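The values are calculated or read from the model by the stated rules, or taken from the named source; none is laboratory data. In this text, all values refer to a predicted model and were calculated from it rather than measured experimentally. Neighbour counts run over all protein chains shown; Cβ positions are idealised from the backbone, glycine included. Note: areas computed on protein heavy atoms with side chains; ligands, DNA, RNA excluded. Shrake-Rupley method; radii C 1.70, N 1.55, O 1.52, S 1.80 Å.
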Amino acid sequence: MSLFAVGFLLVILQPSAGQFPRACANTQSLLKKECCPPWDGDGSPCGELSGRGFCQNILLSQAPLGPQFPFSGVDDREDWPSVFYNRTCKCEGNFMGFNCGECKFGFSGLNCTERQLRTRRNIFQLTTSEKDKFLAYLNLAKNTPNQDYVIATGTYTQMNNGSNPMFRSINVYDLFVWVHYYASRDTLLGGSNVWRDIDFAHEAPGFLPWHRVFLLLWEREIQKITGDENFTIPYWDWRDAEDCVVCTDEYMGGRHPTNPNLLSPASFFSSWQVICTRSEEYNSQQALCNATSEGPILRNPGNNDKSRTPRLPSSAEVEFCLSLPQYESGPMDKMANYSFRNTLEGFADPRTAISNISQSGLHNALHIYMNGSMSQVQGSANDPVFVLHHAFVDSIFEQWLRRHRPMLEVYPAANAPIGHNRENYMVPFIPLYRNGEFFKSSRELGYDYEYLQNPAQNSFEEFLVPYLEQARQIWAWLVGAAVIGGIVTALLTGLILACQKKRRGTRSEIQPLLTESEDYNNISYQSNF
């Protein structure tokens, strides 16, 4: 793209919009650029009268970004959410939410003082009644309007900078489909021009924290509409699977008897309609997905391009990925080598950790293998297998965090692709969450994984790992100290022997101070889908 074209596009571009609390989706809030709704408990903004929070100016990260996005001021998602709001609720203590009306993840009770730890379980370990309840909850979410959030149907420019709000209601399940679409969509540059090398949820350090928040919020919405406070998302452990074992009518929907691209009519998922799957159409119209139904879920597992994804991931590949000590590296995008994040996401070979975008490994492999709605990034959350898959990906992230015990500083503070620095707010969530806030153990966020709960093994690892990590960090100093100590000792020994020899003159027998067997120098060391 020429510099002239870029300059022209900067003038005619139309920024895009995000996910909004219903209470802030109005002219007054947009023109005032403030989203500080009252808490129902006391009627004050952010529950300030009850000490829950207060309205404050948002603090944006000033850290430099990577070179992947060469524009500024062309996309509403830049410096989220400042295009729409520069004041939001800042919640105190364990309170959370766009009006500080909820508890932080991991807390409950009237004053959010009770710690909670829920367990996510293997879907095949659920009883029949538990599994049927999960499927019923999914269907309920697909047919229940979301009470708290709406989606934007026009860009900020199309809204006349807030004076003409354009929003619509959406059901609970599809809200999260739309959120995933919005975070990964292309930047609209006006005319028929778009910028594709941008993604606020993939291909960069924020991939794992972003999807962690996505699942936590999805889990909470299900808890709210069902009244089941103990609900957790089950996971599908796909390691070494020979086919899609959840793709049956008993679980997530079997194959249609006459059309292999559709789901079996015996599954109620066959009646679900997808949204946000026509990215090229939206781009050509310079429009946002407005959540209009676009047809049934497509899925044809295993009939994918075998040259790109020959099979589902193996246990050995996951274990190799977990052994990688670096969370992020190099350009911090899909070209990163020896990066745990990039290897788990699937842009690096799961046997070498070298970037290879012609192949799809681990996380990406599952998406490609499903060969349908799951295989297109922006609309992939339409298929309910998505939540099972990402719950397991999150569990691998959790294993890595427990094994390597990284400090927060391990997460990049600067020079990551747009939206992915440590202090950047995640797009398009309101309330606001920073990437770095979710770079920590799931237990601190109130949940665990069933297969990670071996008490004996966990306690031993928890005891041993910190010491091994400390030893790894200071080992070079220990080796250096040992070498210097050996040199100093040798010099002192030589000096002492020389002095003794001088004192004793010509005595024929000289007793050594050190035996020859002592050795001081023998230390060794070691989406696009």
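Quick look at the numbers
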quantity	calculated
Pairs, first closer than 20 Å to S184 by Cβ in region 399-426, second among the polar types (S, T, N, Q) and exposed (fewer than 15 other Cβ atoms within 10 Å of the Cβ), C-beta under 8 Å, six or more apart	N421/N415
Selection count where residues are of a type in the set (F, W, Y), open to solvent by 20 Å² or more (accessible area, probe 1.4 Å) and assigned to a loop (DSSP other than H, G, I, E, B), scope region 81-102	1
Scope region 199-230; condition more than 21 Å from I275 (Cβ to Cβ) and part of a loop (DSSP other than H, G, I, E, B); matching residues	E203, A204, P205, G206, G227, D228, E229, N230
Residue among F105, F8 that is at pLDDT 95 or above and either within 30 Å of K334 (Cβ to Cβ) or open to solvent by 50 Å² or more (accessible area, probe 1.4 Å) (or both)	F105
Count - residues of region 214-258 that are at positive phi and either at pLDDT below 95 or open to solvent by 10 Å² or more (accessible area, probe 1.4 Å) (or both)	2
Residue that is most open to solvent (accessible area, probe 1.4 Å) [pool: residues in region 380-429 that are farther than 29 Å from I123 by Cβ and outside any loop (DSSP other than H, G, I, E, B)]	E409
Selected residue (criterion: farthest from R77 (Cα to Cα)) from residues of region 176-208 that are touching an Asp or Glu at 6+ places or on another chain (Cβ under 7 Å) and aromatic (F, W, Y)	F207
Of the criteria (1) closer than 15 Å to L208 by Cα; (2) in contact with a helix residue (DSSP H, G or I) (Cβ under 6 Å, 6 or more places away or on another chain), which one L324 fails	(1)
Residue within region 67-80 that is assigned to a strand (DSSP E or B), modelled with pLDDT of 95 or more and farther than 23 Å from F392 by Cα present	no
Residue count, region 430-452 (criterion: in a loop (DSSP other than H, G, I, E, B) and not small (G, A, S))	6
Residue selected from region 363-376 under the condition touching a Ser or Thr at 6+ places or on another chain (Cβ under 6 Å) and open to solvent by less than 10 Å² (accessible area, probe 1.4 Å), by the criterion nearest to L322 (Cα to Cα)	A365
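A quick yes/no check of all residues on (1) at pLDDT below 95; (2) under 26 Å from the mean Cα position of the chain (by Cα); (3) open to solvent by less than 70 Å² (accessible area, probe 1.4 Å); (4) hydrophobic (A, V, I, L, M, F, W, C):
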{"residue": "P265", "(1), (2), (3), (4)": "no, no, no, no"}
{"residue": "P296", "(1), (2), (3), (4)": "no, no, yes, no"}
{"residue": "P313", "(1), (2), (3), (4)": "no, yes, yes, no"}
{"residue": "A316", "(1), (2), (3), (4)": "no, yes, no, yes"}
{"residue": "D333", "(1), (2), (3), (4)": "no, yes, yes, no"}
